[in-house]
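Participant: I am attaching a structure below and will ask some questions about it afterwards.
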Amino acid sequence: MRKSIFYSAIGFFAGMLFMGFISNELNPLSNQLVNSVLWYQQSDEMKAIYLQNFNWAKQIVEMESIKNQGQHKLAVIVDIDETMLDNSPFEGMLIHKGKSYNRQLWDEWVKRREARALPGAVEFTQFAQRHGVEVFYISNRRVHNLQATIDNLRKEGFAYADSAHLLLRQTTSDKTERREQIASLYKVILYLGDNMGDFDEIYRKGSSQYDSSAVWKDSNLWGIRYIVMPNPMYGTWEYSLFPRGKTLTDKDKAEIKINHITGY
Ligand SMILES: [Mg+2]
C-alpha cells in the first residue's frame with residue numbers, strides 16, 4: 001500500500017515535469033521566434049551588418065564634423081534596443097520558457113542590466129564623442145527603467161550614458177516630440193534605429209498616420225540621414241498584422257502570422 005502511494009507520487013511528479021516540458025515546447029508564438037533569434041545570435045552576417053552600419057555612420061560623423069567647422073552643435077540620435085544593446089537573450093528566454101512578451105518580464109530583464117553591446121556600437125559613440133558630436137539615446141524603455149538603462153550602457157562602455165542624453169518613454173511611444181526637443185538645440189546629422197518609428201512617426205505601422213508609401217517617397221534618406229539596423233525578432237511591423245481592439249491569444253497571433261506568409 002505504502003509502495004503504491006510512493007509510485008503514484010513519483011508518477012504524479014514525473015507527469016508534472018513532462019507537462020511543463022510540453023507546455024514550454026508548445027507556445028506557438030514564441031516558437032515562431034526560433035529562426036530569427038538564432039540568426040541574430042549565431043550568424044556572422046548579423047555582426048557584419050552592424051559593423052557595416054556603424055562604419056558608415058562614422059564616415060558620416062567625420063564628414064559632417066569637417067563640414068561644420070564648429071558652426072553648429074552636432075548630434076546623432078540613436079535608439080537603444082536592438083540598435084545599441086542586444087536583448088536577444090530575453091527573446092531566447094521566451095522561447096525556452098514558452099512565454100510571449102509582456103511588460104513585467106521585460107522589466108525584469110532590463111533590471112538585470114545584462115544586455116550586451118551590439119558589434120561596433122560602443123566604438124561608434126566614442127568616435128562621435130572624439131569628433132565633438134553628442135549622442136542622444138531616444139528609447140521607448142519606460143522612465144522607471146532609467147537608472148538600470150544608464151547602468152547597463154555604462155557597464156558596456158557607451159559614451160554619453162547619462163540622464164541628460166537619455167530620453168525614455170514617459171507618456172507616448174511616439175518619438176517625434178523627443179526628436180524635436182534635441183533638434184531645437186542641435187543640428188541632428190544622423191538617426192540610427194531598428195524600427196521605423198525611430199526615424200519618423202509617419203513610417204510606423206499600427207499608427208493611425210501610418211503610410212506605407214513614405215518609405216519610398218523618402219528613398220534618398222536611407223543610408224544618408226537614416227541608418228537601419230536588422231531586427232527580425234519583433235517590431236511595430238507586427239502590429240499591422242493584428243486587428244485592433246481584439247483580444248488575441250498567442251495561438252491566434254501565431255496563426256495570423258502564418259496566414260500572412262506569401263508563398264507560391
Ligand atoms: Mg529598438
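Each value in this text was obtained by applying a stated rule to the coordinates, not by laboratory testing. The model shown is predicted, which means the values in this text are computed figures rather than measured ones. No Cβ is skipped: glycine too gets one built from the backbone with ideal geometry, and neighbour counts run over all protein chains shown.
Participant: Rank these for me by crowding, Tyr186, Tyr160, Tyr239, going from fewest to most other beta carbons within 10 Å.
Facilitator: Values: Tyr186 17, Tyr160 20, Tyr239 13.
Going from sparsest to densest Cβ surroundings: Tyr239, Tyr186, Tyr160.
Participant: Please check: in the Gaussian network model of the chain (C-alpha springs, under 10 Å), which one of Ser163, Ser139, Ser213 has the largest mean-square fluctuation.
Facilitator: Judging by the Gaussian network model, the answer is Ser213.
Participant: A further question follows. Could you grab the relative contact order for region 26-259? Cα pairs under 8 Å, six or more apart, rounded to a whole percent. It would help to have the intermediate numbers written out before the result.
Facilitator: On the way: 329 pairs, mean separation 62.4, N = 234.
For region 26-259, the relative contact order is 27 percent.
Participant: For the Cα atoms of the chain, what angle does the longest principal axis make with the long axis of helix 121-130, in degrees from 0 to 90, nearest 10?
Facilitator: Roughly 20 degrees between the two axes.
Participant: As a test of the formula, what do you get for the chain when each DSSP H run with n ≥ 4 contributes -39,500 (n - 2.57) and the sum is divided by the residue count, at 222 nm and rounded to the nearest 500 deg cm²/dmol?
Facilitator: It comes out at -14500 deg cm²/dmol, rounded to the nearest 500.
Participant: Report, in degrees rounded to the nearest 10, the 0 to 90 angle that the Cα long axis of helix 250-259 makes with the longest principal axis of the chain.
Facilitator: Its long axis makes an angle of about 60 degrees.
Participant: Round to the nearest 0.05 the FRET efficiency obtained for Leu38 and Trp222 when R0 = 30 Å and r is the Cβ-Cβ distance.
Facilitator: Details: r = 27 Å, r/R0 = 0.90.
Approximately 0.65, to the nearest 0.05.
Participant: Over what distance in Å are the Cα centres of region 65-137 and region 161-227 separated?
Facilitator: 15 Å
Participant: Which ³J(HN,Hα) values, rounded to whole Hz and listed in residue order, are derived for region 99-106 from phi using the Karplus coefficients 6.51, -1.76 and 1.60 in 6.51 cos²θ - 1.76 cosθ + 1.60 with θ = phi - 60°, glycine and proline given as x?
Facilitator: With the stated coefficients, region 99-106 comes to 10, 10, 3, 8, 5, 5, 4, 4 Hz.
Participant: Turning to a different aspect of this structure: Based on the alpha carbon coordinates of region 26-259, what radius of gyration and maximum Cα-Cα distance (Dmax) apply, in Å?
Facilitator: Here Rg and the maximum Cα pair distance are 17.9, 59 Å.
Participant: So what are the ³J(HN,Hα) numbers for region 215-224, from phi and the Karplus equation (6.51, -1.76, 1.60; θ = phi - 60°), rounded to whole Hz, Gly and Pro as x?
Facilitator: Karplus values, whole Hz, x for Gly and Pro: 4, 7, 4, 9, 4, 6, 8, 5, x, 10.
Participant: Sorted from fewest to most neighbouring beta carbons within 10 Å, what does the list Ile60, Ile66, Ile189 look like? List each step's numbers first, then the result.
Facilitator: On the way: Ile60 17, Ile66 9, Ile189 21.
Ordered from fewest to most neighbouring Cβ atoms within 10 Å, Ile60, Ile66, Ile189 come out as Ile66, Ile60, Ile189.
Participant: Please build a GNM for the chain, connecting alpha carbons under 10 Å apart, and tell me which residue among Thr236, Thr249, Thr149 fluctuates the most.
Facilitator: Checking each option, the largest mean-square fluctuation is seen for Thr249.
Participant: Restricting to Cα pairs below 8 Å that are 6+ residues apart, what does the relative contact order work out to for region 53-151? Please round to a whole percent. All intermediate terms of the calculation are to be shown ahead of the outcome.
Facilitator: Values: 83 pairs, mean separation 45.3, N = 99.
Computed over region 53-151, the figure is 46 percent.
Participant: Please work out whether region 37-91 counts as rounded, prolate or oblate from its C-alpha gyration tensor, where a ≥ b ≥ c are the square roots of the eigenvalues and a/c under 1.5 means rounded, while otherwise a/b larger than b/c means prolate and anything else oblate?
Facilitator: Values: a/c = 7.38, a/b = 2.26, b/c = 3.26.
Verdict is oblate for region 37-91.
Participant: Taking the mean number of other Cβ atoms within 10 Å as a proxy for protection, how do you rank 153-159, 69-75, 36-42 from highest to lowest?
Facilitator: 153-159, 36-42, 69-75
Participant: Quick one: Karplus J couplings for region 148-165, per residue in order, coefficients 6.51, -1.76, 1.60, θ = phi - 60°, nearest Hz, x for Gly and Pro?
Facilitator: 4, 5, 4, 4, 5, 4, 5, 4, 8, x, 5, 6, 6, 7, 8, 5, 6, 10
Participant: To the nearest 0.05, what FRET efficiency results for Asn55 and Asn102 with a Förster distance of 45 Å applied to their C-beta separation?
Facilitator: Values: r = 36 Å, r/R0 = 0.81.
Result of the calculation: an efficiency of 0.80.
Participant: Using a Gaussian network model of the chain with C-alpha springs under 10 Å, which one of Asp86, Asp218, Asp200 is most mobile by mean-square fluctuation?
Facilitator: Judging by the Gaussian network model, the answer is Asp218.
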